[in-house]
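Everything below concerns the one structure shown next.
What follows draws every value from the coordinates through simple rules; no lab data is involved. From a predicted model like this one, the values you see are computed outputs, not experimental measurements. As a convention, Cβ positions derive from the backbone with ideal geometry for all residues, glycine included, and neighbour counts pool all protein chains shown.
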Amino acid sequence: MMHGHSLTSTPAIYAVVAEFSSDNEILRATKRAREAGYKKMDCYTPFPVHGLAEALEFEDKVLPWVMFIAALTGTFVGFGMEIYALAYDYPMNVGGRPLVSWPSFIPVAYEMTILLCAFGAVFGMLGLNGLPRPYHSIFNTPGFDLASQDRFFLAIEATDPQFDVERTEQFLESLHPERVSIVEK
Amino acid sequence: MGKLTKREKPEILPAGEFIEGAVDYRSLDNTIGTLVLNQGNHRWPWYATFAIGFGLLQLLGLAITWLLWRGVGIWGINNSVAWGFDIVNFVWWIGIGHAGTLISAVLLLVRQTWRNSINRFAEAMTLFAVNCAGIFPLLHAGRPWVAYWMFPYPNILGMWPQFRSPLLWDVFAVTTYITVSALFWFVGLIPDLATLRDKSKNPIFKYIFGAASLGWRGSAKHWHRYETAYMTLAGISTPLVLSVHTIVSFDFAVSVVPGWHATIFPPYFVAGAVYAGFAMVLTLAIPLRKWYKLEGIITMKHIDWMAKIMLATSLVVLYGYVCELFYAHYSGNTYEIFMINNRMFGPYGWSYWALIFCNGVVPQFLWSPKVRKNLLLLFVISQVVSVGMWLERFVIIVVSLTRLFLPSSWAMYYPTVWDWMMYIGTLGLFTFLMFGFVRVLPMVTIFEMKELLSRIRHKRHLGLNNAPLHAGNGHNGHGGHGGEAPIHTEPLGRPAADKEE
């Protein structure tokens, strides 16, 4: 593989990445990139910067459903398990109470709802984010170790229809970042 | 590392903010991260406390070994008082755990950003306290090697657990609680582990933190889902934590034992749990912030607010005690009236008055701002509250059982040396785990502190030094929106070229 920055548009380029030093700046830069028509972009920040997802026009509609369905599954599995176990498979008369004594089945079904919802939230979030993922091209960005510390990165990806190494680089330079890097795959 | 760009001067935040002193994002990383990355930071207080914890942990090992060899007969429990120290300690530990969830989930939901400084170690406290709690019912069941019988699984015995029993609800509540707490804790750790991965120079640390952070890269799209998941976890942990102690109180309230059978139990148990938990958070926070120089992160304002929560919950539990007195007499029920008189003036009367002293009288000192600023006094009061909450469970559980309906089955309860060893042993286990944690994981949530710092900066209309977004409108125009205003409501019109002047 070629090392160093290639100025020709080869498929080996992953993105052009600009580095900013504050959340305000990256937010403004992302909005400008969006206005300039770039679509395949992502930002990398040390903490959640509010407004960035909107600026990227990114909205996840799947995760809330994953969590909701997981929670409902918990409720039904909980109640179903209790009714099956205590009313059908092993009916036991306790003090003449009805076999399907649903009020006393609530706590277990409730806890199951919360448990499965939590699994849905955590594993749904990780799954949709594609984690764990040990390697990603963005890690080739010089100084990217600061993305988890105090720097904010905006990456315009090579798959963007408007992407052109030189023009994209010039565009990013016009946003006055700390630096612009061309990142290989 | 490439070109190291100019570094802004850390901003000096005055006392009264949730972060004090000279801070920027990197200084936060350093203050918190070095506790893990530079193991030389851990000096004698760490070694001393860890050694004590480890020593006491040996008592737990000894007590459990002998218990497994001989059975629960080595404890002080008897036919009348079948629930002794084991259940007292179980409820006490679970209660302590609840403050962690309250801080991490409830305060997150109500957007109390001051929680950011204390939530990580409060969550760790939750996990470890619930671990300690779990040991007791498990061993009290007598044959812990078949504890899995409590879970519903198709088995050759052809039997199912009794889902109508509060004790089984407890199994579900506590296992769900520890699982969700662990997930919540881990999710909060992921971005911080990535920070440690990137800061670490040691290849082994880098590898471990790299693997543990799951390759987190801080993508805005990931953060978006992350926050959805995190807020949802907080949202479901809130009813969870209430349900857990409610169900623990059902262990008592659903029975017919005088002193247990009361509708006030769930709210009063939950308040007591928060009360004991905040006492434990203060017990840990006061020495840790001093030893690790975290005074700028866990500020006096945090300490003050925690003390106030302790005061508020002390009033709730005190109200509970008064209600119990009132109920017993108002009910006109012979057994209830006997129970409450026995509780106050019977053979264990001392424990009731000690409880009122610890939980009702001593915390009233917290009304004074001077006391809330005196760390030593606060530390002592926290200890007294911990003892008081332990006594509360003792009074409820043991004293009610010693004199039940039939005088022929009255019996005193005397804990044995094994009971004490188990209890002290779990204190050792807790200390051991807490101090082990402080050494290997960041004890304050770094990314949330950065977010908080960013909010504070926006609130102070300073922006960042090399991006003077608000330079021209310091005290006018934008004073209207509060500190919580999201960044995207800030004016963005100023052209980037401003920087070049």
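Laid out as a table, the results:
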{"quantity": "Crossing angle, helix B:417-440 versus chain B [Cα axis fit, 0-90 degrees, rounded to tens]", "calculated": "10"}
{"quantity": "Residue B:179-residue A:68 FRET efficiency (beta carbon distance; Förster radius 22 Å; 0.05 resolution)", "calculated": "0.70"}
{"quantity": "Rough spin-label spacing in nm, given labels placed 7 Å along Cα→Cβ, for residue B:293 and residue B:208", "calculated": "2.4"}
{"quantity": "Long-range HN-HN contacts of residue A:20 with modeled amide H, under 5 Å", "calculated": "A:152, A:153, A:154, A:178"}
{"quantity": "Per-residue mean of C-beta atoms belonging to partner chains within 10 Å, peptide B:180-189", "calculated": "3"}
{"quantity": "The range B:380-415: chymotrypsin sites (Phe, Trp or Tyr not before Pro) in DSSP coil with no more than 11 other Cβ atoms inside 10 Å", "calculated": "none"}
{"quantity": "Descending semi-axes in whole angstrom, ellipsoid equivalent of the range A:1-148, from the Cα gyration tensor", "calculated": "52, 17, 12"}
{"quantity": "The protein assembly as shown: radius of gyration and largest Cα-Cα distance (Dmax), Å", "calculated": "28.2, 95"}
{"quantity": "Relative compactness, the range A:31-70, computed as alpha-carbon Rg over 2.2 N^0.38 Å", "calculated": "1.45"}
{"quantity": "Residues B:446, B:64, B:297, A:69, sorted so that the one with the fewest Cβ neighbours within 10 Å comes first", "calculated": "A:69, B:64, B:297, B:446"}
{"quantity": "Pairwise FRET efficiency - residue A:170 versus residue B:155, Cβ, R0 = 60 Å, nearest 0.05", "calculated": "0.30"}
{"quantity": "Burial ordering of A:89, A:42, fewest other beta-carbon atoms within 10 Å first", "calculated": "A:89, A:42"}
{"quantity": "Ascending count of other beta-carbon atoms within 10 Å, so fewest first, for B:145, B:160", "calculated": "B:145, B:160"}
{"quantity": "Chain B: angle of helix B:446-459 to the longest principal axis, Cα-based, in degrees nearest 10", "calculated": "60"}
{"quantity": "Farthest positive-ward along chain B dipole, Cα basis, beta-carbon charges - from B:187, B:87, B:204", "calculated": "B:204"}
{"quantity": "Projected area averaged over orientations for the range A:62-128, convex hull of C-alpha atoms, nm²", "calculated": "4.6"}
{"quantity": "Low-density loop positions, trypsin sites (Lys or Arg not before Pro), the range B:125-227 - DSSP coil, at most 13 other Cβ in 10 Å", "calculated": "B:201"}
{"quantity": "Helix A:62-83 vs. chain A, principal-axis angle (Cα, 0 to 90°, nearest 10)", "calculated": "20"}
{"quantity": "Positive-end residue, chain B charge dipole about Cα centroid, Cβ charges, pick of B:287, B:35, B:246", "calculated": "B:35"}
{"quantity": "For residues of B:237-247, the mean tally of beta carbons on other chains within 10 Å", "calculated": "2"}
{"quantity": "CD proxy at 222 nm, helix term only [per DSSP H run n ≥ 4: -39500 (n - 2.57); per residue of chain A; nearest 500]", "calculated": "-12500 deg cm²/dmol"}
{"quantity": "Neighbourhood net charge (15 Å Cβ-Cβ; Lys/Arg +1, Asp/Glu -1) for residue B:60", "calculated": "-2"}
{"quantity": "Entries in B:290/B:450; A:61/B:199; B:293/B:450; B:201/B:450; B:199/B:290; A:31/B:301 that, when Cα-Cα distance is taken, lie over 29 Å", "calculated": "A:61/B:199; A:31/B:301"}
{"quantity": "Gain on full stretching of the segment that runs from residue A:58 to residue A:102 - 0.36 nm per residue minus C-alpha separation", "calculated": "11.6 nm"}
{"quantity": "Coordinate range along principal axes, alpha carbons of the range B:335-376, Å, largest first", "calculated": "45, 16, 9"}
{"quantity": "Distance between modelled label sites at residue A:89 and residue B:380, nm, 7 Å Cα→Cβ extension", "calculated": "5.8"}
{"quantity": "Cβ neighbours within 10 Å from other chains - mean over A:22-32", "calculated": "6"}
{"quantity": "About the Cα centre, charge dipole magnitude for chain B (Lys/Arg +1, Asp/Glu -1 at Cβ), debye", "calculated": "1120"}
{"quantity": "Surface/4 of the Cα convex hull for chain B, nm²", "calculated": "28.5"}
{"quantity": "Under Karplus coefficients 6.51, -1.76 and 1.60, residue-wise ³J(HN,Hα) of the range B:346-358 in Hz, glycine/proline x", "calculated": "x, x, 9, x, 4, 5, 5, 5, 5, 5, 4, 5, 5"}
{"quantity": "Stokes-Einstein diffusion coefficient of the range B:50-207, Kirkwood radius over Cα pairs, 20 °C, 1.002 mPa s, in µm²/s", "calculated": "115"}
{"quantity": "Chymotrypsin sites (Phe, Trp or Tyr not before Pro) within the range A:104-185: DSSP coil, no more than 10 neighbouring Cβ in 10 Å", "calculated": "A:135"}
{"quantity": "Positive-end residue, chain A charge dipole about Cα centroid, Cβ charges, pick of A:120, A:29, A:92", "calculated": "A:92"}
{"quantity": "Exposed GluC sites (Glu not before Pro) absent: longest stretch of chain A, with sites in DSSP loops and at most 14 other Cβ within 10 Å deemed exposed", "calculated": "A:60-185"}
